[in-house]
Amino acid sequence: MKRTFLFLTLWVAAVSIGMAGEDSPAILTTKDGKALRVFLMSTDGVFVETEFQKLRQKKSFTVEELDMLKFTPLGVNDNELKELDDKVQELFLQAKYAQLIDQIEPVAAPYAEYMSISNNLQTMYGLLMQAYSRTGQHPQAAAVAENLMRTQDESLKLNATVCAALAAADQQEFAAAETFLKEISDPVAALYVQASIQRAEGATCDAIQTAVKVIAEHVDNMEWLPLTEVLCAELYLETGRTNSAVVTARQAAKFYVGTNVGNEADALHSRIEQLTNKSE
């Protein structure tokens, strides 16, 4: 009951900010160590326009001057935000992406344009992007990725570039997808994206070969190998290789148990078995 009330409070507080068009309260920390309570007015990616909460005086900061933004949604304290973060992490591991989206969207939405700057909601925002992408909501994932591709966090930037490439491929914008692919510095992530682009292009056999290359040559990569194995199982299913799809999904579910990919693989394995049973 307490959790339900908390998330309702978060939703009401966030929506009241966004719908009323009011300023977004935050604690801004500069690189020289100053911590200032401000209302965030706007940003163009180079400058951040603010107004001091007490003095109501406007001041502009360059993004380079800022070390951190701590967003303070109205009516929500630090403990409640920490509880939300824990809940979101749990939902992500369980691959309960729809629930995760419902939790994060209303809280993060008023601050979307500031997400390229290091802040206390940035990790959750990154999970929101991945949840969109994993559920095929690619336009939404691309919108989030546009902000996170400009962050200084290399891991978030990599994931954002991957999601942007996947979104472009899903929209049949293959030139854009290839451009994003060239920006991916991680070679295993690049192979995963390449296989995904090939799949979107209809070159399923080429996609399988690329995915199998990841599985054969990068067995120690625990970030992109699991996703590639699920992709490979889906590709096998699409090409009618049902037995290979079942085996690959089952193994992934077993190897990555307790993770979002393990739960995705388990759901895929169950779906394949149901399809097989119906066809018999």
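The values are calculated or read from the model by the stated rules, or taken from the named source; none is laboratory data. Remember, it's a predicted structure, so these values are computed and weren't measured experimentally. A quick note on method: Cβ atoms are made from the backbone with ideal geometry, for glycine too, and the neighbour counts reach across all protein chains shown.
On the stretch given as region 40-60, residues that are buried (at least 17 other Cβ atoms within 10 Å of the Cβ) and not hydroxyl-bearing (Ser, Thr, Tyr) total 2. Show the residue pairs meeting these rules: Cβ distance below 8 Å; 6+ apart or different chains; first residue within region 117-128 and free of Cβ contacts under 8 Å to residues at least 40 places away in the same chain; second residue surrounded by fewer than 23 Cβ atoms within 10 Å (Cβ to Cβ) and hydroxyl-bearing (Ser, Thr, Tyr). Going by the 8 Å Cβ cut-off, the qualifying pairs are Gln122/Thr151.
Residues of region 110-124 that are in a loop (DSSP other than H, G, I, E, B) and either in contact with a Ser or Thr (Cβ under 6 Å, 6 or more places away or on another chain) or of a type in the set (Ser, Thr, Tyr) (or both): Ser116, Ser118.
Can you tell me which residue within region 83-122, out of those that are among the hydroxyl-bearing types (Ser, Thr, Tyr) and either in the same structural domain as Gly258 (by TED's automatic domain parsing) or out of contact with any helix residue (DSSP H, G or I) (no Cβ under 7 Å at 6 or more places or on another chain) (or both), is nearest to Thr43 (Cα to Cα)? Applying the filter and picking the extreme gives Tyr114. Per the listing Glu273, Glu238, Glu223, the residue uniquely farther than 24 Å from Cys163 by Cβ, surrounded by fewer than 21 Cβ atoms within 10 Å (Cβ to Cβ) and acidic (Asp, Glu) is Glu273.
Taken as a whole, the condition of being surrounded by fewer than 21 Cβ atoms within 10 Å (Cβ to Cβ), under 23 Å from the mean Cα position of the chain (by Cα) and either modelled with pLDDT under 95 or within 23 Å of His138 (Cβ to Cβ) (or both) does not apply to Ala233. May I ask you to verify whether Thr135 is touching a helix residue (DSSP H, G or I) at 6+ places or on another chain (Cβ under 6 Å), within 26 Å of Tyr256 (Cα to Cα) and β-branched (Val, Ile, Thr)? When the stated conditions are applied, Thr135 passes them. Looking across Val230, Val246, one residue alone is in a helix (DSSP H, G or I), touching a residue at least 24 places away in the same chain (Cβ under 8 Å), touching a helix residue (DSSP H, G or I) at 6+ places or on another chain (Cβ under 6 Å) and under 26 Å from Ser155 (Cα atoms). It is Val230.
Filtering region 86-98 to residues that are in a helix (DSSP H, G or I) and surrounded by fewer than 17 Cβ atoms within 10 Å (Cβ to Cβ) leaves Asp86, Gln89, Glu90, Leu93, Ala98.
Looking only at residues of region 127-148 that are of a type outside the set (A, V, I, L, M, F, W, C) and in contact with an Asp or Glu (Cβ under 8 Å, 6 or more places away or on another chain), we find that the one that is farthest from Leu268 (Cα to Cα) is Asn147. Within region 136-159, being assigned to a loop (DSSP other than H, G, I, E, B) and either touching a residue at least 60 places away in the same chain (Cβ under 8 Å) or touching a Cys at 6+ places or on another chain (Cβ under 8 Å) (or both) holds for one residue alone: Arg150. Whenever a residue of region 82-101 is polar (S, T, N, Q), its partners that are surrounded by 18 or more Cβ atoms within 10 Å (Cβ to Cβ) and modelled with pLDDT of 95 or more, lying with C-beta atoms within less than 7 angstrom and at least six residues away or across chains, give the pairs Gln94/Asn263; Gln99/Leu91.
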